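All remarks here apply to the structure that follows.
The values are calculated or read from the model by the stated rules, or taken from the named source; none is laboratory data. Keep in mind that this is a model prediction, so the values were computed, not measured. Virtual Cβ from ideal backbone geometry, glycine too; neighbours counted across all protein chains shown. To get the accessible areas, we keep the full protein, side chains included, count just its heavy atoms, and leave off ligands, DNA and RNA. Shrake-Rupley method; radii C 1.70, N 1.55, O 1.52, S 1.80 Å.
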Amino acid sequence: MVARERSDTELLASGVAEDFGSFYTRYVQALTSFVARRAARPDVVFDLVAETFAVALERRARYDEQRGPAIAWLIGIARNLIADARRRGHVDAASRKRLGMTRIALDDAQLAMVEQRGSVDLADALSRLSIEERDAVLRRVLADESYKQVAEHVGCSEQVARKRVSRGLANLRSRLDGSER
């Protein structure tokens, strides 16, 4: 019998460190790719991704899958942190500090790995989705439209819109993680 993949809600609600680690592993590549397109240096990308996941860990009880997929939630957090970092001139580490996380000094190999993860071509991965999935994902995740709005734009039910977004994000994640080329 094949084990069922645990939902994002289950992973976030459990309170078990390994479960949050699974959540992190599930989304780190996609989030790094998103952040890397908006931050110039690998060290800044690393700090933004680390702080995004620290904020997510602190706010995990607030995640509501009815409001959208977890990657959209993470991207929303990252967008706010990116805007804040631009205003301040540096990435704030408030959540990491509250959680007792120490600053990690990256060596050249680790910085190169962050740069490589950030170099994944998100546009190419999106272009490989079906038109229906791509449109639904772009509208829901990037344009922050409600499922009702997505359904109205693409001419389907809300349930079908949710399924297209879910499948599109799953396909996108597998492409970005390299498990499907």
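Among the residues of region 132-169, write down those that are more than 21 Å from the chain's Cα centre (by Cα) and either in a helix (DSSP H, G or I) or among the hydrophobic types (A, V, I, L, M, F, W, C) (or both).
K148, Q149, A151, E152, H153, V154, C156, E158, Q159, V160
Among the numbered conditions (1) more than 26 Å from E5 (Cα to Cα); (2) open to solvent by 70 Å² or more (accessible area, probe 1.4 Å); (3) modelled with pLDDT under 85; (4) not aromatic (F, W, Y), tell me where Q149 comes up short.
All conditions are met except number (3).
Yes or no: S119 surrounded by fewer than 21 Cβ atoms within 10 Å (Cβ to Cβ), closer than 30 Å to K148 by Cβ and at pLDDT below 80?
So S119 does not fit the description; no.
Between residues in region 38-56 that are in contact (Cβ under 8 Å) with a residue 24 or more places away in the chain and residues that are small (G, A, S) and open to solvent by 10 Å² or more (accessible area, probe 1.4 Å), which pairs lie under 7 Å by C-beta distance while being six or more apart or on different chains?
V45/A36; V45/A39; L48/A39; L48/A85; E51/A93
Of all residues in region 37-69, count the ones that are of a type in the set (D, E) and crowded, with 20+ Cβ neighbours inside 10 Å.
Going through region 37-69 one residue at a time, the tally reaches 2.
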